[in-house]
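Taking it in order: structure first as structure tokens, then the write-up.
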Amino acid sequence: MISVDDALARVINEVEPLPSELVPLAAADGRVLAEPIISTLMLPPFANSAMDGYAFRASHVAQASPEQPIFLMLVESISAGMVGKHTVGPGQAARIMTGAPIPSGADAVIKYEDTTNPTPDTVAITQPVTLGNCIRLPGEDVQIGAQVVPAPAILTPPTLGLCAALG
């Protein structure tokens, strides 16, 4: 009979790792990553809304209050996956969904729950909003050159989703 340490040493000395191979992403679940995944992209790739709400210029609602709301004219509605067609100007706002790109001219987002719509074409802002409010900046989650999955790592649905997002 041999000791556990001797048995382990024999196994380690006799076993060779399998060669690495390329497999489609859909077939990689549960496999072990042979080399780290380094990002070649920024995530998110563009400034986008972190909330369903309204995008506008923060400086135009600096004096907003429940007693003196600021009324903004709605110029468009931007769904996730769509790009705004209008520049948001003074006194204007765009409806925006989570993940949609921030339209030109806008620098803040307020969530729907913090607004009212006195008419279908206007939104009432009842509180000041800071510059950049509810906006996810390019590269906020992942920067170019960042190691996002170390090796060796067992690939799981979350890591595969990240790999898919990075192309």
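No value in this document is a laboratory result; all are computed from the given coordinates. Keep in mind that this is a model prediction, so the values were computed, not measured. Methodologically, a virtual Cβ is constructed for each residue, glycine included, from the backbone with ideal geometry; neighbour enumeration extends over all protein chains shown.
Miscellaneous remarks
- Computed from the Cβ-Cβ distance with R0 of 30 Å, the FRET efficiency linking T40 to S104 stands at 0.65.
- Sorting 13-26, 96-109 by their mean Cβ neighbour count within 10 Å, with the most densely packed peptide first, gives 96-109, 13-26.
- Placing unit charges on the Cβ atoms only, positive for Lys and Arg and negative for Asp and Glu, gives the chain a dipole magnitude near 600 debye about its Cα centre.
- Among 27-40, 129-142, the order from most to least packed when residues are scored by Cβ within 10 Å on average: 129-142, 27-40
- Equivalent ellipsoid, region 43-102 (semi-axes from 5 times Cα gyration tensor eigenvalues, Å): 22, 12, 10
- Net charge of Cβ neighbours under 13 Å - reference A50; Lys, Arg +1; Asp, Glu -1: -1
- Calculated mean residue ellipticity, 222 nm, the chain: -3500 deg cm²/dmol, from DSSP H runs (n ≥ 4) at -39500 (n - 2.57) each, averaged per residue and rounded to 500.
- Rotationally averaged projected area of region 68-167 (alpha carbon convex hull; nm²): 8.4
- Simple rule: put +1 on each Lys or Arg Cβ and -1 on each Asp or Glu Cβ in region 1-58, find the dipole, and look at Y54, S3, T40; the Cα lying farthest toward the positive end is Y54.
- Using alpha-carbon coordinates, inclination of helix 4-14 to the longest axis of the chain, degrees: 80
- Subtracting the Cα-Cα distance of N117 and T130 from their residue separation scaled by 0.36 nm leaves 2.6 nm.
- Between the entries (i) 134; (ii) 171; (iii) 121, the label attached to volume of the Cα convex hull per residue in Å³ calculated for this structure is (ii).
- Looking at region 72-142, the DSSP beta bridges with both ends there are about 45 percent antiparallel.
- A simple charge model with +1 on the Cβ of Lys and Arg, -1 on the Cβ of Asp and Glu and nothing else charged puts the dipole of region 1-56 at about 220 debye relative to its Cα centre.
- DSSP bridge pairs, the chain: antiparallel proportion in percent, nearest 5: 80
- For region 97-151, a crude dipole built from +1 on the beta carbon of Lys and Arg and -1 on the beta carbon of Asp and Glu, taken about the Cα centre, is about 80 debye to the nearest 20.
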